[in-house]
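A short worksheet on the structure shown next.
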Amino acid sequence: MKRNMIGLIFTSILLIGVATGQSTSSPACKVNVQAPAFGLWTWAPRTRVNVYILEANFKHEEIPYLLLALQQWDAVSTQTGSGVTLNYEGTTSAPVRCENCLTIMRGAVFNKKTRHAAEVISYKVDRAQITKFAEIRIDPLVTDPRSLTHLSSHELGHGFGLVDCYSCKDHSTVMNQGLNGPEGPTACDIAQVREAYKDLNTRLRVAPVTQKILVDEGEEPEDDDTPVVIPKP
């Protein structure tokens, strides 16, 4: 049967019934206190992720604040054991949906009730845990430069398998809620990504399903006998 492309939208909401990794190798990083759990979809180990910024969505002076988040995560690639590198390829006039590509753009995602102001959409084949390509969308209402950095870094954290941690102490993790958290991964984030990739090398999970699922069969199909089960949102 055709292999479907599935886009999972993660808007920093709590997931119900998702099995996530909890352990951390650092005694100073207790999960849900200083460290986030892990278990979301991830970039494949040792992947070069090509990052693009949608030119029309950001002012020239805003771009360095987005790049700072990339640089912070890229700097700890060896420490996390992921081997994933984030390479800025420049601006683009349209989202780039090639393999191992990430586009940062604007999108009307702000929720007054939850105060979520950004989301990441991870596209993958079937429901494998490995991301094929992704998009980060930041609401146009966010104009503070520091918030642009934090939100970008937060959404990048999801791409390394990290889950939101609203109960975590302030600034202990980039996965905290809010607009003014750390600019990049903390020691606890690094420890948890390391555990996430150890887990990934041991077993390939089925990626969790959030509240919204997009199915796009526009990609070139490949032969695959694996059935695709899409739960109701």
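The values are calculated or read from the model by the stated rules, or taken from the named source; none is laboratory data. No experiment lies behind these values; they were computed from the predicted model shown. Ideal geometry is used to build each Cβ from the backbone, glycine not excepted, and the neighbour counts take in all protein chains shown. Note: areas computed on protein heavy atoms with side chains; ligands, DNA, RNA excluded. Shrake-Rupley method; radii C 1.70, N 1.55, O 1.52, S 1.80 Å.
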* Val51's amide H: which non-local residues (gap 5+, or another chain) put their own amide H closer than 5 Å, with H modeled 1.01 Å from N in plane and none for Pro or chain starts? -> Asn87, Tyr88, Glu89, Leu102
* To do: Report the trypsin sites (Lys or Arg not before Pro) located in the range 52-107 that are in a DSSP loop and have at most 11 other Cβ atoms inside 10 Å of their Cβ, or state none.
  => Lys59
* **Over 27 Å between alpha carbons, listed pairs Lys30/Lys59; Lys112/Lys169; Lys30/Lys198** => Lys30/Lys59
* Asked: So how much accessible area does Cys101 have, in Å² to the nearest 10, using a 1.4 Å probe?
  -> 0 Å²
* Between Glu55 and Leu141, what is the spin-label point distance in nm, taking each point 7 Å from the Cα along the Cα→C-beta axis? -> 3.0 nm
* Please compute the net charge surrounding Glu55, taking Lys and Arg as +1 and Asp and Glu as -1 over other residues with Cβ under 13 Å from its Cβ. => 0
* To do: Take the Cβ-Cβ distance between Ser93 and Gln71 as r, set R0 to 22 Å, and report the resulting FRET efficiency rounded to the nearest 0.05.
  => 0.35
